[in-house]
1. Those residues that are of a type outside the set (Val, Ile, Thr), more than 11 Å from chain B (Cβ to nearest Cβ) and over 17 Å from A:Arg71 (Cα atoms), I need them from the range A:37-51; list them, please.
2. Would you be able to say whether some residue in the range B:361-378 is in the same structural domain as B:Asp320 (by TED's automatic domain parsing) and part of a helix (DSSP H, G or I)?
3. In the range B:129-140, is there at least one residue being touching a residue at least 24 places away in the same chain (Cβ under 8 Å), of a type in the set (A, V, I, L, M) and out of contact with any Gly (no Cβ under 8 Å at 6 or more places or on another chain)?
4. Given the residues A:Val83, A:Val13, which is the only one that is more than 26 Å from B:Pro70 (Cα to Cα) and away from chain B (no Cβ under 14 Å)?
5. Tell me which strands (runs of 3 or more DSSP E) are completely within the range B:116-174 and hold 3 or more residues being crowded, with 24+ Cβ neighbours inside 10 Å and under 15 Å from the mean Cα position of the chain (by Cα), or say none if there are none.
6. Counting only residues that are in contact (Cβ under 8 Å) with a residue 12 or more places away in the chain and surrounded by 14 or more Cβ atoms within 10 Å (Cβ to Cβ), give me the strands (runs of 3 or more DSSP E) lying completely in the range A:54-168 with at least 2 of them.
7. Quick one: how many residues across the range B:366-385 are within 12 Å of chain A (Cβ to nearest Cβ) and under 20 Å from B:Arg72 (Cα atoms)?
8. Pull up the range B:62-115, narrow it to residues that are aliphatic (A, V, I, L, M), more than 20 Å from B:Pro355 (Cα to Cα) and surrounded by fewer than 22 Cβ atoms within 10 Å (Cβ to Cβ), then point me to the one that is nearest to the other protein chains (Cβ to nearest Cβ).
Amino acid sequence: MANTVLRGRAIKVGDNISTDLIIPGRFAHLRSNLPELAKHVLEDTLPTFTSELSQGDFLVAGENFGLGSSREHAAIVIKMSGVGAILAKSVAHIFFRNAINHGLPVLLCDTDRISDGNELEIDLTDFSIINLTSGVRLSCNEISPLMSAILEEGGLIPYIRKHRDFEL
Amino acid sequence: MGKTLAEKILSDKSHGDAKAGDIVVADVDLVFVQDITGPLAIKQFKEIGFGSIAKAQRAIIFLDHAAPSPHRQLSNDHRFLRAFAKESGCFLYEVGSGVCHQLVAENLANPGDMIVGSDSHTVTAGALGAFATGMGSSDAAVALALGKTWLRVPESLLIILDGAFPKGVDAKDLILYLIGQIGAQGATHKALEFSGQALACLSMSQRLTIANMAVDAGAQVGLFPSDDVTSEFLVSQSRGDSYKPLHPATDAEYQQAIHLNLARIEPMVSLPHSVDNVVPVTEAKGVEIQQVFMGTCTNGRLEDLAIAAGILQGRKRHPDTRLLIAPASRQVLAQAIDKGYISSLVESGGVILPPGCAACLGLHQGVLGDGEACLSTANRNFKGRMGNPEAMIYLASPATAAASAIRGEITDPREAM
């Protein structure tokens, strides 16, 4: 991974943001045209998301982010929009894997301590977060060594291309 | 300490001693993709560069989500998948065959199998005692290339089922009730394992309905033991040779045990816009419904259509309520024709859709209008799910759906039987 310290602004969303809300099924015909698909990310819940986001900003959610359908496109369009990492209190099982599989860091922490627009600094070497606006330091759940290795390679496909197998 | 069902299957598939919390690499017996996650999976598979799919497993492509295709781009995605099936030797289920999870249950899943599908409701096959789990397209691509996947062995929640369903109550009400109790993330990363005296009376169709929605409680898998019901089902599908008994150890360690008495469950309804927003039908009665949608991997089986036809026979749908019915597979449709269910449903004013996912995910065949409400037998009612974020989706059983279609409002099925 090129950059282990990330800085950006928090964009907050609520609890239970489903993959249907992230990228609705009605846009399934755009799934083979990812730049067009990405224009619709989160539009049913946060229509200003793509226009207000700056490269490297963080998507900061509540509980159970990414629940529902396994559509990997949900993680892809969030990454394509320029989000540097997802922070949430909890993340649904399949979405968590999908994000890591595309090299998009996911950090589990108490996101009540982050407000919309706060400046954050994330150190991916120890999964620590400093809220530069409030001065609060947040601890995060670590991910498994295998997930960490996949993230470091930039995702699952580059990981398998390099290692040719899973290395435990 | 003995092993849970999840630990037993993953020990077998990882050739080791798998315990909850371990990271394992497991052999995959069956990997499948569908038409809206498949194109990405195949592109990722090609990107890996292994050339051919791993030999030891079965690899299947299903055209079910946009079937028949309503869109030029989706038609081109279908062309791409058909071409890959030809060049790779993957079997492809064409448009009209049915929903992937129903076809997996009918034709492919065996007790003790490790199944990876690029669709979250892959958990459905847990009803046959298979460790069946949904993943994204990249994980499916790697399973295609390696014949293996990695997993964290889940902790298991034991769901102990006793008693028998009262009249008008069925498997859908049970799983909605359970999700209402533990919440949409009550089992995140975990396994649900079903046990108890009531299992002997739960048909494979009912088990499939329950396992199907394990993921809607957040679970990685929803497992039933493999028993006489499993054996009879496999024999009925001419797959009796695939049967093997599979049970957890009597001293297996569970993170939590939840007791449910079927006799105390009522017809349940999940209110918009989250699956765990569950109330007894008595608290949702009277909500006007513009569309009833019956079908899907949750409730599109022969038993479901029998219940609906039983209620609707000789009656008409409400004039302001459309009634859409999508049998879960071609086999279900053919049997429902033989038994006369389709005649009853058509005569009551129902529209029969082709076997497949139909209106479930908002692509086609029943997209809702602004402000409309749909009562669906599917598994998800998220905002925007059925193609319109301005619509409301209520989830319920086939009996509640049929009763509500007659009155044009959410109706307690016990009043219509």
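1. A:Leu46, A:Phe49, A:Ser51
2. yes
3. no
4. A:Val83
5. B:131-134
6. A:58-60, A:85-88, A:106-108, A:119-123, A:128-131
7. Total meeting the criteria: 1.
8. Within the range B:62-115, the match that is nearest to the other protein chains (Cβ to nearest Cβ) is B:Ala83.
The values are calculated or read from the model by the stated rules, or taken from the named source; none is laboratory data. Just so we're clear, the structure is a prediction, and the values are computed from it rather than from any experiment. No Cβ is skipped: glycine too gets one built from the backbone with ideal geometry, and neighbour counts run over all protein chains shown.
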